[in-house]
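Take a look at the structure set out below.
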Amino acid sequence: MSVPMHTLSPAPTGAERASASGEHASIGSVLLEMGKITPENAERVLRMQKELGIRFGEAAIKLGLITDADIQQVLARQFDYPYLLEGESKFSPKLVAAYQPFTPQVEALRAVRSQLMLRWFTQGRKALAVVSLDEEDGGSIFAANLAVVFSQLGEQTLLVDGNLRAPSQQQIFDLGNGLGLSDILAGRAGQEAVSRIDSFVALSVLPSGTLPPNPQELLGRDTFRNLSADLEQRYDVVLYDAPPFATGADALPLVARAGGVIIVVRKNRSRYNDIAALSDRIAQSGAQIVGTVLVDH
């Protein structure tokens, strides 16, 4: 897979996507639940809807009570396809799959997801590692966005931050500095360290946890093998955000355990010889390279 990840375009309008019959009850109730309108405003909307013979959402927009973006969010919730509005969420703005789900950039992500489903996950496999050459290549943010699009498919998805030296998923998803993978491997925590991301239908994140002095040894323990097997029983998709290979050999035990790897390379930055060397090390670990993604950022 070689997929450019840099183009953007406007989303379709929510009014164009609204259904015509019986729509006012569900749209209205969700708008009330979200706090976008009050019960008094709902009565005004219903009166205008009846007078003009238009949809509930269109009437609410005409009254200036909501925006088209609000309608898009309601429809996304109704179809179990939630996404976020920039400025109204605590998550990183780099989560384009969450903030801009209707853009060509995210369509490319969904194409990657489809290929992974066909090439890897439909073969009975559950785990996949995302690796890059160095930190600036964007492997971690790609892993986060990939986890979001898998969850949007309805797959129970777990994103594991396996970078025990310089983690980033806790910042991307605003999880703070609590317990995580390293604490489980050290016997200091259980699976309560996994955080369910309520803004999405089927997404959980296991952050890296306390920064340990021996990350490679922790990932090489039988405890990690047992934990990985258990996670694969609990989730449909387990994505590991592996540490960049330039930082050392920490990624090798994680990659070997996942069994499958997707390599993230950066346009006009990653060198062919370095990618070839990385591919050789992955092959030596016994893992299979499922594909390569080209990012441009």
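For segment 196-211, a tally of residues being touching a Gly at 6+ places or on another chain (Cβ under 8 Å), free of Cβ contacts under 8 Å to residues at least 60 places away in the same chain and either of a type outside the set (Ser, Thr, Tyr) or part of a strand (DSSP E or B) (or both) returns 4. For Ser182, the requirement of being part of a helix (DSSP H, G or I), of a type outside the set (A, V, I, L, M), touching a strand residue (DSSP E or B) at 6+ places or on another chain (Cβ under 7 Å) and buried (at least 18 other Cβ atoms within 10 Å of the Cβ) is not met. Given the criteria more than 13 Å from the chain's Cα centre (by Cα) and assigned by TED's automatic domain parsing to the domain that holds Thr210, does Leu116 qualify? In short, yes. Determine, yes or no, whether Arg125 is free of Cβ contacts under 8 Å to residues at least 24 places away in the same chain and more than 27 Å from Tyr272 (Cβ to Cβ). Considered against the rule, which asks whether it is free of Cβ contacts under 8 Å to residues at least 24 places away in the same chain and more than 27 Å from Tyr272 (Cβ to Cβ), Arg125 comes out as no. Of the helices (runs of 4 or more DSSP H) contained entirely in segment 56-145, those carrying at least 1 residues that are of a type in the set (Val, Ile, Thr) and at pLDDT 90 or above fall at 56-62, 96-99, 104-119. Inclusion of Val255 among residues that are out of contact with any Leu (no Cβ under 9 Å at 6 or more places or on another chain) and either within 20 Å of Ser140 (Cα to Cα) or touching a residue at least 40 places away in the same chain (Cβ under 8 Å) (or both) is warranted.
If you check Arg110, Arg165, Arg188 for being among the basic types (Lys, Arg) and free of Cβ contacts under 8 Å to residues at least 24 places away in the same chain, only one passes: Arg188.
Among the residues making up segment 277-297, those that are outside any strand (DSSP E or B) and either modelled with pLDDT of 90 or more or in contact with a helix residue (DSSP H, G or I) (Cβ under 7 Å, 6 or more places away or on another chain) (or both) are Leu278, Ser279, Asp280, Arg281, Ile282, Ala283, Gln284, Ser285, Gly286, Ala287. Ser208 satisfies every condition listed in (1) of a type outside the set (D, E, K, R); (2) buried (at least 18 other Cβ atoms within 10 Å of the Cβ); (3) closer than 30 Å to Leu118 by Cβ; (4) within 18 Å of the chain's Cα centre (by Cα) except (3).
The values are calculated or read from the model by the stated rules, or taken from the named source; none is laboratory data. Computed from a predicted structure; not experimentally measured. Here Cβ is always computed from backbone atoms with ideal geometry, including for glycine, and neighbour counts include all displayed protein chains.
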